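Have a look at the structure below before the remarks.
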Amino acid sequence: MRAVAEKVLEITGNKAEILYTPRNDPGVSRLCADISLAKEKLSFTPRYDLAEGIRLTLEQDQRFAR
């Protein structure tokens, strides 16, 4: 999540501080998305990389309108 937050700040030019609260349990926060099974079973290939997807979301979703 930190990498996504950093990418949003980079794309928007925002200087907000990212707050981090360490967790003691090894729950979901330690997992990473893996789309290899979707690629294998569904022939899925993402159309956009993370940065482009964030940029498009910020541009097109009215909830982020300035």
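Here are some notes:
- For the options R47, R23, R55, a Gaussian network treatment of the chain with springs between C-alpha atoms closer than 10 Å singles out R23 as fluctuating the most.
- Residue among T21, T12, T45 with the largest mean-square fluctuation in a Gaussian network model of the chain, springs linking Cα atoms under 10 Å: T21
Just so you know, all these numbers are worked out from the coordinates, no wet-lab data involved. Being a predicted model, the structure only gives us computed values, none of them experimental.
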